[in-house]
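The values are calculated or read from the model by the stated rules, or taken from the named source; none is laboratory data. Remember, it's a predicted structure, so these values are computed and weren't measured experimentally. Every residue, glycine among them, receives a Cβ derived from its backbone with ideal geometry; neighbour counts consider all protein chains shown.
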Amino acid sequence: MSEISSHLKDLKESLPENCTLVAVSKTKPSSDVLEAYEAGHRDFGENKVQELAQKAEELPKDIRWHMIGHLQRNKVKYIADFVHLIHGVDSLKLLKEINKQGRKSDRVIDCLLQMHIAEEDTKFGLDKNELDEILQGEQLKEMTHVRIAGLMGMATFTENQDQVRREFKNLKSLYDEIKNSDHTNVQMNTLSMGMSGDYAIALEEGSNMVRIGSAIFGARNY
C-alpha cells in the first residue's frame, strides 16, 4: 500500500460515518490524486480554478471536485459545467454569477455560504447580517440554478484550542438555525469546517465535511 493510500485509509477509519472527507490536492500532481482515487477516494478539493480545471480534464470523470478557495466571479465559467460543490461563496454577486453560469451549463450548482468566523482580517466570509440578506432576499428565490447546501468556515490559525472550538461552535449553531427554517433554494445538509490542524475539534463541534491535504499528501509543493 502506498503512503498516500495508507494515510487515506487511517484517516477515513478515524472519521464518523456521516462525515465527507475532501482530500485537498492543491499543488500536488495528478498522479497523487490518481493514487488516492485508485484507493477508492472520490472527493477532492482545489483552491485555484486553473489547477482544478486542468486536473478535471486529466483525471477520471467520476471525481467529485470541490472548489475550496476564494473564487473570483470572472473564473466561475471555467468550472461551472463540472464542479460538484463550491465551498467559498462569500457574496451575493458571486452567487448571482454562479447561477448565471449554472443556467448556461443547464445544471444546478451546489454551494456553501462561507461565514467569517475567525478573529483574523485575512479570511473571507459573510457576517450574520449579510447571510440573512442573502437567505431572506427576493433574489435568491429567482436563482433556479444554485442550491445553498450548507455553510463553510475557517477558524483562526492559533494554538488556542478554546478559541477554535468557540468559533466552530458558533458556526454550528448558525447552521442549525438555518437548517430549521424555511428558505427557497436552501437545503442545509453540509457543514464544512475543519482542516488538517483542527479537524478533530471541528468534528466534536458537529462538522460533517472536513478538508484535509497535508495529512494525506504530505507538505505542500510551493
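Quick rundown of the values:
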item	result
Criterion (modelled with pLDDT under 95 and either assigned to a loop (DSSP other than H, G, I, E, B) or surrounded by fewer than 17 Cβ atoms within 10 Å (Cβ to Cβ) (or both)) met by exactly one of LYS61, LYS9	LYS9
Hits in segment 66-83 (condition: farther than 19 Å from MET115 by Cα and out of contact with any Asp or Glu (no Cβ under 7 Å at 6 or more places or on another chain))	ASN74, LYS75, LYS77, TYR78, ILE79, ALA80, ASP81, PHE82, VAL83
Number of positions in segment 29-61 that are under 18 Å from the mean Cα position of the chain (by Cα) and of a type outside the set (S, T, N, Q)	14
Filter result for PHE157 (aromatic (Phe, Trp, Tyr), under 20 Å from the mean Cα position of the chain (by Cα) and outside any loop (DSSP other than H, G, I, E, B))	no
Meets criteria (of a type in the set (Gly, Ala, Ser) and out of contact with any helix residue (DSSP H, G or I) (no Cβ under 8 Å at 6 or more places or on another chain)) for SER207	no
Residue in segment 39-49 that is without any contact (Cβ under 8 Å) to a residue 60 or more places away in the chain, β-branched (Val, Ile, Thr) and surrounded by 15 or more Cβ atoms within 10 Å (Cβ to Cβ) present	yes
Hits in segment 102-131 (condition: under 18 Å from the mean Cα position of the chain (by Cα), within 19 Å of GLU205 (Cα to Cα) and in a loop (DSSP other than H, G, I, E, B))	HIS116, ILE117, ALA118
Test set (1) modelled with pLDDT of 95 or more; (2) closer than 19 Å to GLN187 by Cα; (3) basic (Lys, Arg); (4) not in a loop (DSSP other than H, G, I, E, B) - LYS141 fails condition number	(1)
Which listed residue is among the hydroxyl-bearing types (Ser, Thr, Tyr) and either surrounded by 14 or more Cβ atoms within 10 Å (Cβ to Cβ) or at positive phi (or both), from SER14, SER2, SER31, SER91	SER91
Residue count for segment 196-218, restricted to those that are in a strand (DSSP E or B) and without any contact (Cβ under 8 Å) to a residue 40 or more places away in the chain	0
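Conditions (1) touching a His at 6+ places or on another chain (Cβ under 7 Å); (2) not polar (S, T, N, Q), marked per residue:
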{"site": "GLN50", "(1), (2)": "no, no"}
{"site": "GLU58", "(1), (2)": "no, yes"}
{"site": "ASP62", "(1), (2)": "no, yes"}
{"site": "HIS70", "(1), (2)": "no, yes"}
{"site": "ALA80", "(1), (2)": "no, yes"}
{"site": "LYS93", "(1), (2)": "no, yes"}
{"site": "GLN101", "(1), (2)": "no, no"}
{"site": "VAL108", "(1), (2)": "yes, yes"}
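Residues are listed down the side, and each one gets a yes or a no for (1) of a type outside the set (Val, Ile, Thr); (2) modelled with pLDDT of 95 or more; (3) in a helix (DSSP H, G or I); (4) touching a Gly at 6+ places or on another chain (Cβ under 8 Å):
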{"site": "VAL76", "(1), (2), (3), (4)": "no, yes, yes, no"}
{"site": "ASP81", "(1), (2), (3), (4)": "yes, yes, no, no"}
{"site": "LYS93", "(1), (2), (3), (4)": "yes, yes, yes, no"}
{"site": "LYS100", "(1), (2), (3), (4)": "yes, yes, yes, no"}
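The rows are residues; the columns are (1) among the small types (Gly, Ala, Ser); (2) not in a strand (DSSP E or B).
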site	(1), (2)
GLU177	no, yes
MET188	no, no
LEU191	no, no
GLY194	yes, no
